[in-house]
Amino acid sequence: MDNTEEYLLEFKGFNFERSLVKIHIVESADDFEIRDDDVFIITYPKSGTIWTQQILSLICFEGHRNRTEDIKTMDRAPFFEYNIHNLDFIKMPSPRLFASHLPYYLVPKGLKNKKAKILYIYRNPKDVLVSFFHFSNWVARLKPSDTFENFMEMFLDGQVMGSRWFDHVRGWYEHRHDFNIQFMSYEDMKKDLRSAVLKICGFLEKELSEEVVDSVVKQASFQNMKTNPQANYHDITKYELGVRNDKGHFLRKGTIGDWKHHFTVEQNERFDQIFQREMKDVPLQFIWDINEE
Ligand code: A3P
């Protein structure tokens, strides 16, 4: 028997994780008042959200950078629709940072034609799929899969939190002119984090000294985040969300091309065909291999 509905809540054609989503926030998103200096990090799940939350928190908040404030990244740049700590967004001081997996058509209307900025991070979908597969088998609130093949089918069918990857990325890309949006890829961040941080600073109109940029880059590295409990969500996942075993990590591998260790030749060909068909009109650049230029 298929028990997908136990885990997913569908609203206007988009799948949310059922037990964590604050659906009233989504239902009333149209009326949510956007401030000019709000910044939204928007991603499809497993595309580098936590990483970007950390980078933006480090860029925007000196107290976060110097570790003088004791606020978890999760609360510095909270999830909009998964507001698990029930923060009062209206009382949050400016500039507010938010993270979200929403599709373009469900975000607050105020984001359209406003100065509020959106940073859209995308990742090559084969690595997203692999990361999502491991994450779903670790976190108790997501539907586990016996085999990679089973998860791949659910992913391609959009029967996962975030629905179809193709619809998410294409939707945001095709509607980019409605928003003040910057697209960046996980792989660009991975290959040259310093340049990525400088690009984000440019988009946010933030001028930071060389020294501060160095500090942001250092604290946003995979190794540093992995050992910083404020940044790596390990405890939140373990104690607040629930996990199936002690072996998993939110920061799992943090690399490009792990899909090569999971896809069979046939699965790869099938995936490529779908990718070509779905993404042929989307000129975003994808990097599939760590050694690719
Ligand atoms: P892997 O499972 O491939 O390791 P999200 O935050 O959107 O759920 O994305 C999680 C993915 O981003 C995980 O991928 C995680 O390891 C990776 N990630 C998080 N922080 C990172 C960092 N500083 N550098 C590289 N990858 C990072």
Worksheet entry | Length added when fully stretched, Asp178-Thr227, from 0.36 nm per residue minus Cα-Cα | 13.8 nm
Discussion item. Net charge within 9 Å of Ser57 by Cβ-Cβ distance, Lys/Arg positive one each and Asp/Glu negative one each, not counting Ser57 itself?
Written reply: +2
Practice prompt. Please tell me which of these pairs span more than 26 angstrom C-alpha to C-alpha: Lys91/Lys238; Lys72/Lys126; Lys199/Lys253?
Written response: Lys91/Lys238; Lys72/Lys126
Worksheet item: Tell me, in nm to one decimal, what length is gained between Ser209 and Asp75 on full extension, where the rule is 0.36 nm per residue of separation less the Cα-Cα distance?
Response: 45.7 nm
Discussion item. I want to make sure I understand the PRE zone here: with the label point 7 angstrom from the Cα of Thr147 toward its beta carbon, which residues in the range 156-182 have backbone N atoms less than 20 Å away?
Written reply: 156-160
Practice prompt. Would you kindly calculate the mean projected area, averaged across all directions, of the convex hull enclosing the Cα atoms of the range 11-153, in square nanometres?
Written response: 9.4
Item to complete: Starting from 0 in steps of 5 Å, tell me what percent of the Cα-Cα pairs of the range 109-208 lands in each bin.
Response: 2, 11, 18, 17, 16, 15, 12, 7, 2, 0
Fill in: Linear extension gain, Lys114 paired with Glu240, 0.36 nm per residue minus alpha-carbon span
41.9 nm
Worksheet item: Calculated from DSSP H runs of 4 or more alone, at -39500 (n - 2.57) each and per residue, what is the 222 nm mean residue ellipticity of the chain, nearest 500?
Response: -11000 deg cm²/dmol
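Quick one: divide the alpha-carbon radius of gyration of the chain by 2.2 N^0.38 Å and tell me what you get.
Rg over 2.2 N^0.38 Å, computed on Cα atoms: 0.96.
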Fill in: Positive minus negative residues near Trp138 (Lys, Arg vs Asp, Glu; Cβ under 9 Å)
+3
Fill in: Span per principal axis, largest first, for the Cα atoms of the range 187-293 (Å)
47, 39, 23
Worksheet item: For Arg194 and Asp37, FRET efficiency with R0 = 25 Å and r from the beta-carbon atoms, rounded to 0.05?
Response: 0.50
Discussion item. Only four residue types carry charge here, +1 at the Cβ of Lys and Arg and -1 at the Cβ of Asp and Glu. Report the dipole size of the range 170-244 about the Cα centre in Debye, rounded to the nearest 20.
Written reply: 380
Discussion item. Counting each pair of different Cα atoms once, what's the Kirkwood radius of the range 149-238 in Å, rounded to one decimal?
Written reply: 16.1
Worksheet item: If you add up the charges near Phe14, with Lys and Arg at +1 and Asp and Glu at -1, over every other residue whose beta carbon is less than 11 angstrom from its beta carbon, what do you get?
Response: -1
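Restricting to the chain, what percent of DSSP beta bridges are antiparallel, rounded to 5? Each step should come with its number before you reach the end.
Numbers: 5 of 20 bridges.
Taking every DSSP beta bridge with both residues in the chain, the antiparallel ones total about 25 percent.
Laboratory data are not the source of any read-out in this text; all were calculated from the coordinates shown. Note that this is a predicted model, so its numbers are computed, not measured. When we count neighbours, we look across all protein chains shown, and the Cβ atoms used for this are built from the backbone with ideal geometry, even at glycine.
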